[in-house]
Amino acid sequence: MAKANAPGVRLGLRENLGQFSLLVLVNAFVGAMVGMERSILPLLAEQEFHLAARAAILSFIVVFGVTKAMTNYLAGRFSDRVGRRQILVAGWIVATPVPFLLMWAPTWTWVLIANALLGISQGFTWSTTVIMKTDLVGPERRGLAMGLNEFAGYVAVAAAAWATGWVAAREGLRPAPFYLGVLFVVFGLGLSVLLVRDTKPHVDVETRLASRAPDASTAPEIFWNTSVADRNLSSASQAGLVNNLNDGMAWGLFPLFFTTVGMGIQQIAVLAAIYPATWGIAQLGTGALSDHVGRKWLIATGMWIQALGIALVAASVSFVGFASGCTLLGLGTAMVYPTLLATIGDVAAPAWRASAIGVYRFWRDLGYAVGAVIAGVCADLLGMSGALWVVAGLTFASGLVVSWRMSETATRFRMSGTQESHHASRA
């Protein structure tokens, strides 16, 4: 691996294993904060706050998605300007009141406020752990690095979803399940303040070693390129949006859908955990696999497998069918999630990579809000099964867009060098 001009600063997973492992652990607590809601919040809306319309029940996901999307963008810009660690710590501070608000919320508005804070926190914390790991490993192991990051986050989502559901089945929906959230904040904030170091020096190293100068530097240019102009970046952004569109649907509608065929809260907790657990564990392989077989077809195929999983859930009436569909949904998401992040790292120059990741994550996590709105409206108009089929169709179409518009971005598969490959993707 390349060495820095400054002593002790090197790029590479092995060279930065201590800090990398610490950030993996921190991201596990980040994921757990979201996981504590996944089994029980839709049920809380229906049973304690007596919300009947599906669109109203899913409003907490809309608030979460919009605030997280906007904060993702800001996290990328601020990370380039003031450093990564400060943004990480700020995100954990914002998360501090969330479990207490969920425990004691007297009205649904309080739950929405809690989810706005959770979205802001997730945007800052998850974005910076992604950015910092990308900084540490350099260009050669990005797929593996993103697989490890997302593995930690989504296995923690699954574990927290199961744990809070287990507690809720014994102690009720509130307040006991949210005590876990207090522990997540204490450990996440403590590790970030006491042990995490900034990675901006690693960005300086990679910038000096890069074979091309950055060709976009202003915020409007980066936003436009990542959203529209660059075929690879914009293809990744739309796939990320649709991926989280179906995740938002799964978060909000799956628990309610499962209750319609008699699933109890413990069964719902298991089903809510299967999807992110499969997603998280499989990313240990799929992120690294994308370094060896390329990004494009792993992404397209992953979107199609997600669509198949959602369709299987919609067509099923048994626990086995639901579990099989959730497993396929998790496997397809694992193929897509770290690979999209690695794609952004392939294409964006080191000097503006954090900003590009912020824009990508803006569009990706806006998918939560879009998915909640589409799922809620379609569920009210077509029934919950109809909403699932609509989302399955959108997910399949997103894979078609990737297969048609995106080119391969993994370094080892480029035919004529990084700069030429990048410019070929602009159209």
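Odds and ends about this structure:
- Charge dipole of the chain (Cα centre as origin; +1 on each Lys and Arg Cβ, -1 on each Asp and Glu Cβ, all else neutral): 760 debye, rounded to the nearest 20.
- Length added when fully stretched, Arg174-Val377, from 0.36 nm per residue minus Cα-Cα: 70.3 nm
- The order of Arg208, Arg141, going from fewest to most other C-beta atoms within 10 Å of their C-beta, is Arg208, Arg141.
- For region 90-106, the Karplus equation 6.51 cos²θ - 1.76 cosθ + 1.60, evaluated at θ = phi - 60°, returns couplings of 4, x, 5, 5, 4, 6, 3, x, 4, x, 5, 4, 5, 5, 10, 4, x Hz by residue, with Gly and Pro reported as x.
- Thr343, Thr128 arranged by Cβ crowding within 10 Å, fewest neighbours leading: Thr343, Thr128
- Extension gain, Thr218-Ser324: 0.36 nm per intervening residue step, less the Cα-Cα distance, totals 33.6 nm.
- Fewest-first ranking of His202, His292, using other Cβ atoms within 10 Å as the exposure measure: His292, His202
- In straight-distance terms, cross-link reach from Lys296 covers every one of the aspartates and glutamates whose alpha-carbon lies under 20 Å from its own, apart from those fewer than eight places away in the same chain; here that gives Glu140, Glu150, Asp230, Asp346, Glu408, Glu420.
- Radius ratio Rg over Rh of region 73-154, counting only Cα atoms, Kirkwood formula for Rh: 1.08
- Counting only DSSP H runs of at least 4 residues, each contributing -39500 (n - 2.57), and dividing by the residue count of the chain, the helix-based mean residue ellipticity at 222 nm comes to -26500 deg cm²/dmol.
- For region 334-349, 3J(HN,Hα) per residue [Karplus equation, 6.51 cos²θ - 1.76 cosθ + 1.60, θ = phi - 60°, Hz, x = Gly/Pro]: 4, 5, 8, 4, x, 5, 5, 4, 5, 4, 4, x, 5, 8, 6, 5
- Computed over the chain: relative contact order in percent, which uses C-alpha pairs under 8 Å that are six or more apart: 27 percent
- Highest-first arrangement of 298-308, 400-410, where packing means the average Cβ count within 10 Å: 298-308, 400-410
- Amide N of region 304-331 lying under 16 Å from the label point, which is placed 7 angstrom from the Cα of Leu400 along Cα→Cβ: 304-308
The numbers here are math on the coordinates, done by the rules we state, and not lab data. Worth saying up front: this structure is predicted, and the values here are computed from it rather than measured. Cβ sites come from the backbone with ideal geometry, for glycine too, and all protein chains shown count toward neighbours.
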